[in-house]
1. On a full-extension model of 0.36 nm per residue, what is the gain between Q77 and N257, subtracting their alpha-carbon distance, rounded to one decimal in nm?
2. Defining a contact as two alpha carbons under 8 Å apart and six or more residues distant in sequence, what relative contact order in percent does segment 4-321 show?
3. Take each of the peptides 5-13, 32-40, 59-67, average the number of other beta-carbon atoms within 10 Å over its residues, and list them starting from the highest.
4. Exactly which trypsin sites (Lys or Arg not before Pro) in segment 31-87 are in a DSSP loop and have at most 16 other Cβ atoms within 10 Å?
5. With point charges of +1 on the Cβ of Lys and Arg and -1 on the Cβ of Asp and Glu, referenced to the Cα centre of segment 99-207, which listed residue (S129, F180, P205) lies farthest in the positive direction of the dipole?
6. Measuring from centroid to centroid over Cα atoms, what is the spacing of segment 180-220 and segment 266-323 in Å?
7. Working out 0.36 nm times the residue gap between T106 and L229, then minus their Cα-Cα distance, what length gain in nm do you get to one decimal?
8. When only Cα pairs under 8 Å and 6 or more residues apart are kept, what is the percent relative contact order across segment 198-297?
Amino acid sequence: MNTYVEEISFLNEPAIKAGNSELEIIIIPGWGSNLISMVHKKSNTELLRVPNSTEEYLNNPVLYGTPILFPPNRIDQGKFRFGKRTYQFEINEMDKQNHIHGFVHTREWNISSVEVNEQTVKIITEFDSSKHEDVMAQFPHHFVIRMSFILNDNLFAKKAEIINKSSEVLPFGFGYHTSFVFPEETSIFKLPVDKRWKLNDRFLPTGELEDIEYKYELNEGMSLYGLELDDVFLSNPNNSGLQTAQITNKSTGIEINYTVDQSFKHWVVYNKDARSGFLCPEPYTWVTNAPNLEVNGELTGLQGIEPKDMKVLRAWIVVSHKS
């Protein structure tokens with residue numbers, strides 16, 4: 001498979017480049033362990049939205065590459081109660097007075113190991129909350145997130161291990177803000193969903209689910225040209241519990257199947273103005289503002305990780321090319 005790994009500089013940031021004859025990836029530990037680039041080698045096609053400068057990236061880091069969200073999306077006023085503790089996160093979405101997207105995507109991670117053989121490349125990175133006083137001040141739990149990035153042929157796999165090293169139950173929500181290149185005029189998007197969460201004017205769920213007027217089209221594959229989305233969908237997994245979002249570019253012949261395991265119960269789909277050439281299918285374990293919703297936790301995805309326990313989440317990206 002001609003696998004390789006090398007240390008490089010990407011926009012003056014230390015990075016790891018890895019690849020084989022099918023795919024080449026770049027991971028930046030200092031940018032939240034962001035998988036910032038994925039190139040389909042045979043067609044020389046970039047699959048992810050990549051910044052042109054550091055300034056462009058820092059202006060809105062969740063819209064480039066595959067940011068890791070812990071916890072994902074908005075929390076009303078940044079405040080919620082879980083167990084016997086009340087949490088207050090910083091308000092970082094000033095216009096809507098929400099906290100958004102958590103603590104780990106803007107902070108530096110460490111590289112734990114890099115392994116390569118004839119078939120596979122495996123890169124492991126870690127975030128340790130105890131090394132970040134500003135995180136511990138808002139979220140006083142010692143936790144570790146360990147990401148394994150595995151490249152084999154045309155398959156890219158992500159395994160997230162969230163480890164609770166504290167003595168209290170840790171409220172848990174996790175997601176990816178994956179930003180794919182998506183030329184609206186030539187692309188089709190397919191997502192198996194059943195219902196949509198009704199949102200208020202601050203993009204927070206009201207607790208109600210509503211019908212999707214284009215449900216059949218979305219489940220079968222549809223153009224998003226002219227359809228602006230910042231919507232929260234309830235997933236509709238297959239018999240094995242897996243869910244797959246599919247992107248097909250009719251002009252390049254590239255098909256991307258983005259599959260997540262049964263822990264991911266919701267998808268946020270964002271495409272800005274439907275004219276900017278990118279699409280963010282964002283799988284979440286909990287729905288936006290889950291801790292503050294008066295809805296069954298089985299539906300919202302709100303859960304806890306017991307002391308000294310861990311959650312393991314898996315996702316896969318498979319890239320195929322029809323010439």
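No lab work stands behind these numbers, since they all come straight from the coordinates. These numbers come from a predicted model, not from an experiment. A quick note on method: Cβ atoms are made from the backbone with ideal geometry, for glycine too, and the neighbour counts reach across all protein chains shown.
1. This chain segment gains 61.3 nm when fully extended.
2. Normalised by residue count, the contact order of segment 4-321 is 17 percent.
3. Ranking, from highest mean packing down: 32-40, 59-67, 5-13.
4. K41, K42, K84
5. Selected residue: P205.
6. 13 Å
7. Computed gain between T106 and L229 is 41.8 nm.
8. Relative contact order, segment 198-297: 28 percent.
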